[in-house]
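Peer 1: Take a look at this one; I'll ask things after.
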Amino acid sequence: MTKEYTYKVTAAGRINIIGEHIDYCGGKVMPAALSLKNTVYICPNGTNTINLSWTTLPDNVSLDIDKLESYKGLKYGNYQAGAALMWKNAGHKVIGCDMLHDCTVPFGSGLSSSAAIEVSTIAALATVAGDSFDPVDVALKAQQAEREYTGVNCGIMDQYASACGKKNSVMLLDCSTVKCDYLPLNLGDYSLVIINCNKPHNLVESKYNERRAQTEEALSILKTVLPVSCLAEVSVEQFEKYGKKLSGKVYDRCKHVVEECERVNKAAAAMKSGDILLLGKLLNESHKSLKELYEVTGAELDALAAAAQAHPACIGSRMTGAGFGGCTISLVHKDGVDDFKKVVSAEYLNKIGYECKIYDAEIADGITVTKI
Ligand code: GLA
């Protein structure tokens, strides 16, 4: 790094312990921020452009601050442009600057590299302009960028976790109120193991948006018989009574949402009481539901979860994030972690034909700002 950067700003990738595909239905989710993160080194440059460079890419991109809406087609730099535009449109000062991005969240891994880039970009722009910021506000603007600029109609989970995560804590985030409780991540004798199935991503955005539209359809039908404003308000009992109003895939998607909301409540209680075995069981149930009812897993994530669940040291495993590729998380007894990694990797290679990748990551803070 030859340039004299003045601040180092980071935002985290995330895992989601449980509560999948329910943030956009007003549900409670349980994400945690990771030590895999996007770091922005930034300094003012006295111009009207944001100059982007990367530690891992040869590209250099300049964004004209008056034309931020025109960079949607960029392969690299579109997340930064979208984030800067939403921050600026919200009335904040955006000044010319040089930014070096160093991302250790693997792209396309389902660990929210995009949220980490958007959140760190906004926090860095505010910081270099001499402004303080509310991390929740940063998360909301980052989510807006993802939805309006890159076209993924996402919920708030990823950006919130990226901005507001706390070291060694999981968040119990209520996505209808955007309020969060922090629970200590106390897994006793168990460790969390994160494994990427390495499936090449494709069409994730359109499949994601389709799932979201199906839940909206379910809600509009159930609203005719129940006084609810989001699917997360539908109880398991109410679904048993009124679910027959829905049919086909829309029924299946809604059943997943209702039951996953219930699982999050049970998981939060299990986490609080230290019942890690129950937590593991809930992880397995969540994966099954995402496979059979929500249909977002695919052969690769299913192979990884099945190999993990079959290992004697593992008490629970599920896909995490949007699915269609990306990562699983597994709860594994500390004494068996090495063997678990070996056996699951070998079984995955044997079944799928290419290797998975295991990450060593800790649960860490969301945004950090350091003066250099
Ligand atoms: C993606 C989205 C989140 C959430 C998850 C699924 O990560 O960005 O908002 O919907 O998928 O739980």
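The values are calculated or read from the model by the stated rules, or taken from the named source; none is laboratory data. Computed from a predicted structure; not experimentally measured. Here the Cβ positions follow ideal geometry from the backbone for every residue, glycine too, while neighbour counts run over all protein chains shown. Just so you know, the surface numbers come from the protein's heavy atoms only, side chains and all, with ligands and any DNA or RNA stripped out. Shrake-Rupley method; radii C 1.70, N 1.55, O 1.52, S 1.80 Å.
Peer 1: Please work out the FRET efficiency for the pair ALA299 and GLU210, using the Cβ-Cβ distance as r and a Förster radius of 25 Å; give the result to the nearest 0.05.
Peer 2: Efficiency for this residue pair is about 0.80.
Peer 1: Okay, moving on. For the range 15-88, what are Rg and Dmax over the alpha carbons, in angstrom?
Peer 2: Rg and Dmax of the range 15-88, Cα atoms, are 16.3, 45 Å.
Peer 1: Ignoring ligands, DNA and RNA, what percent of the accessible area of the range 204-277 is carbon or sulfur (1.4 Å)?
Peer 2: Using a 1.4 Å probe with all protein chains present, the range 204-277 comes out at 50 percent carbon and sulfur.
Peer 1: Related question: Can you tell me the accessible area per residue over the chain, all protein chains present, probe 1.4 angstrom, in square angstrom?
Peer 2: Heavy-atom accessible area per residue stands at 41 Å².
Peer 1: What pairs in LYS3/LYS75; LYS3/LYS93; LYS207/LYS255 have C-alpha atoms more than 21 Å from each other?
Peer 2: LYS3/LYS75; LYS3/LYS93
Peer 1: Grab the beta carbon distance between SER247 and LEU74, set R0 = 35 Å, and tell me the FRET efficiency rounded to 0.05.
Peer 2: 0.25
Peer 1: Once you wrap a convex hull around the alpha carbon atoms of the range 207-316, what is its projected area averaged over all directions, in nm²?
Peer 2: Convex hull of Cα atoms, orientation-averaged projection: 7.8 nm².
Peer 1: A further question on this structure: Hey, how many Å between the Cα centroid of the range 319-372 and the Cα centroid of the range 101-167?
Peer 2: What the calculation gives is 22 Å, centre to centre.
Peer 1: By Kyte-Doolittle mean hydropathy of at least 0.5 and Cα axial length of at least 20 Å, which whole DSSP H helices of the chain are selected?
Peer 2: Once both thresholds are applied, what remains is 113-128.
Peer 1: If you don't mind, another one. Within the range 96-115, list the residues whose amide N lies under 17 Å from a label point set 7 Å along Cα→Cβ of ALA129.
Peer 2: 96-99
Peer 1: Please work out the C-alpha center-to-center distance from the range 1-69 to the range 235-294 and express it in whole Å.
Peer 2: 32
Peer 1: Then there's this: Between ASN89 and ASN168, 0.36 nm times their residue separation minus their Cα-Cα distance comes to what?
Peer 2: 25.0 nm
Peer 1: Please provide three numbers in whole Å: the alpha-carbon extents of the chain along the principal axes, with the largest listed first.
Peer 2: Principal axes ranked by extent give 61, 53, 39 Å for the Cα atoms.
Peer 1: What full-extension length gain, to one decimal in nm, is calculated for THR177 and LYS67 as 0.36 nm per residue of separation minus the Cα-Cα distance?
Peer 2: Between THR177 and LYS67, full extension yields 36.2 nm more.
Peer 1: Give, in nm to one decimal, the length gained when the segment between SER273 and GLU237 is fully stretched (0.36 nm per residue of separation minus the Cα-Cα distance).
Peer 2: Length gained, SER273 through GLU237: 10.4 nm.
Peer 1: Restricting to the range 39-190, what percent of DSSP beta bridges are antiparallel, rounded to 5?
Peer 2: 75
Peer 1: So, one more: Using all C-alpha to C-alpha distances in the range 1-137, build P(r) with 10 Å bins and read off the rounded percent in each one.
Peer 2: In whole percents, the pair-distance histogram is 12, 42, 33, 11, 1.
Peer 1: If you don't mind, there's one more thing I want to ask. Quick one: if you stick a label point 7 Å off each Cα along the C-beta vector at VAL228 and ASN60, how many nm between them?
Peer 2: Rounded to a tenth, the inter-label distance reads 5.4 nm.
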